[in-house]
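Worksheet: one structure, shown below.
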Amino acid sequence: MGVGVLPRATAGLAAALGLAWPRLRVGLGYSRWFRSPARWGEDRSIGADLSLHVATLRAGPVRRVGPVELQAGLGLEFGALRAAGFGSEVNLDRRTWWGATLVGGGLAWAPRALRGHGALLVQAELVVPLHRPTLLYNREPIFRPGAAGVRAGVQLEVRFF
């Protein structure tokens with residue numbers, strides 16, 4: 001779930017591969033943030049659906065205490081922000097580049113019964129966009145991504161080694 005970057009609280013889906021050492025994690029992932037409608041103030045039937053596709057690189061320290069792991073991390077994400085218009089005579093579908101820095105942390109629970117092959121991760125991060133394009137209709141602004149946003153999620157990890 002993401003709040004603050006797209007117009008409304010938005011659901012997303014993420015997949016990643018990573019490496020973990022006793023005190024460090026590095027991951028490379030892909031995220032898709034589903035459409036979030038932005039409306040024009042004068043006529044609510046006109047607007048655009050915004051969505052986001054990004055590749056992410058994260059790295060940070062890990063502290064293990066029994067079956068619990070405390071994780072912190074910094075990251076960069078790059079991808080495409082898509083706006084698909086609706087409700088007007090000419091509905092455009094445009095993309096622009098997206099970039100953001102990430103700062104966050106998480107709490108993972110790796111029960112002993114899974115013998116180190118799985119974990120449940122609860123994660124939250126601050127997202128600060130590097131590029132904030134403005135969505136316009138008839139030269140009037142409809143939406144501009146926030147200066148910062150928050151993302152939170154629950155993830156299942158499968159660990160191979």
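Quick notes
- Dividing the mean sequence gap of close Cα pairs (under 8 Å, 6+ apart) by how many residues the chain holds gives a relative contact order of 20 percent.
- DSSP-assigned coil residues among GluC sites (Glu not before Pro) in the stretch 39-80, each with at most 11 further Cβ atoms within 10 Å: 42
- Share of carbon and sulfur in the accessible area of the chain stands at 64%, probe radius 1.4 Å.
- Structure-derived volume of the Cα convex hull per residue in Å³: which label, when the choices are [x] 125; [y] 99; [z] 152: [y]
- About its Cα centre, the chain has a charge dipole of approximately 580 debye under the convention of +1 per Lys or Arg Cβ and -1 per Asp or Glu Cβ, with nothing else charged.
- Per residue accessible area of the stretch 43-83, 1.4 Å probe, in Å²: 47 Å²
- Qualifying trypsin sites (Lys or Arg not before Pro) for the stretch 109-155 [loop in DSSP, other Cβ within 10 Å: at most 16]: 115, 139
- Take the Cα of residue 64, step 7 Å toward its Cβ, do the same at residue 160, and the gap between the two points is 1.9 nm.
The values are calculated or read from the model by the stated rules, or taken from the named source; none is laboratory data. Predicted model only: the values in this text are computed from it and were never measured. Positions of Cβ are backbone-derived with ideal geometry, glycine not excepted, and every protein chain shown enters the neighbour counts. Accessible surface is based on the protein model in full, side chains and every heavy atom, while ligands, DNA and RNA are left aside. Shrake-Rupley method; radii C 1.70, N 1.55, O 1.52, S 1.80 Å.
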